[in-house]
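Student: Please find one structure pasted underneath; my questions will follow.
The values are calculated or read from the model by the stated rules, or taken from the named source; none is laboratory data. This structure is a prediction, so every number in the text was calculated from the model and none was measured. Here the Cβ positions follow ideal geometry from the backbone for every residue, glycine too, while neighbour counts run over all protein chains shown.
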Amino acid sequence: MPELPEVEIARRFVRDRLIGKRVTSIDVLDSRMLARSSERSMRAAFLERTVDDAIRHGKNLLVKIGDDHLYLHLGMSGSLHMVDEDGHTSHERLRLGLDEGALVLDDPRRFGRFGLYHDIEDMLADKGLGPDALTVSDKEFVSRMAGRKSSIKPLLLDQGIIAGVGNLYADEVLFQEQLHPATKANAIARTDMARLGKRIRKVLETSISVRTDFSRLPEGYLLRDRREGAPCPRCATELVVIRVGGRTTVLCPSCQSQRAER
């Protein structure tokens, strides 16, 4: 599913292909995916306005059009495509006609969302998002995790603590740090927690650098072959699948043995 790296690549795609283009039409093709707005309000805000910027926070993308922002969340299976005026994709949910071509949100599973926000502060307040996982400082990351009694993996997935980390990258970060996903946050020393924050940024930046092509990730990354029974890229022990906080979790039982304290 799209997580921060995938959405960052989508942001760069929008920035490179849409900036300066004028919106000529808006077609909502699945109203079930509309978030806190209507097709009418979107048309009033965006028609005949120019695309000025593309902003990302966590997994959320805002496209600045005139004085307002088109909100896009890719959900589980969403993706953005530029097509010719007569071109189409298989599962179009939103179509933004431009003076050259069209931007299409394609989403087979319909878990994505789109809508209208005035600015990023409006969106952050509405969704209660924490700082962006790619830019959060070590100090703020440690502060947000300090004293929490929950297991570390669900905390990494909590978008109100930090925004952008999903299931795949949480597993990767914890594997790289040799932390069991069920380790309690308050059992992790502050220096180790700061290192975990650095690791989050490193893993996300690395995935962005290879355009989320997991086969191009460095040797030693879990995402290259993240499945039950695959050999651990560090020690060759078979990977196992468990559930932590209700989420499917892949780990190495040798490298990530559970410890009460760190």
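Student: Among the listed residues ASP86, ASP158, ASP99, ASP122, identify the single one that is assigned by TED's automatic domain parsing to the domain that holds ALA182, surrounded by fewer than 19 Cβ atoms within 10 Å (Cβ to Cβ) and of a type in the set (D, E, K, R).
Tutor: It is ASP158.
Student: Could you please find all residues in the stretch 43-98 being in a helix (DSSP H, G or I) and either at pLDDT below 95 or of a type in the set (Gly, Ala, Ser) (or both)?
Tutor: The answer is ALA44, ALA45.
Student: Checking the structure you have, find out if any residue of the stretch 230-248 is under 25 Å from PHE141 (Cα atoms), surrounded by 17 or more Cβ atoms within 10 Å (Cβ to Cβ) and hydrophobic (A, V, I, L, M, F, W, C).
Tutor: yes
Student: Among the residues of the stretch 1-21, write down those that are exposed (fewer than 15 other Cβ atoms within 10 Å of the Cβ) and over 28 Å from GLU205 (Cα atoms).
Tutor: Matches in the stretch 1-21: none.
Student: Output the residues belonging to the stretch 146-161 that are more than 18 Å from LEU74 (Cα to Cα) and either hydrophobic (A, V, I, L, M, F, W, C) or part of a helix (DSSP H, G or I) (or both).
Tutor: Listed by number, the residues that qualify are ALA146, ILE152, LYS153, PRO154, LEU155, LEU156, ILE161.
Student: Oh, and also: Give me the pairs, please: first residue somewhere in the stretch 229-244 and within 18 Å of SER151 (Cα to Cα), second residue anywhere and part of a strand (DSSP E or B) and small (Gly, Ala, Ser), beta-carbon distance under 9 Å, and either six or more positions apart or on two chains.
Tutor: So the pair list comes out as VAL244/SER151.
Student: Output the residue which, of all residues in the stretch 175-227 that are assigned to a loop (DSSP other than H, G, I, E, B) and among the aliphatic types (A, V, I, L, M), is surrounded by the fewest Cβ atoms within 10 Å (Cβ to Cβ).
Tutor: ALA189
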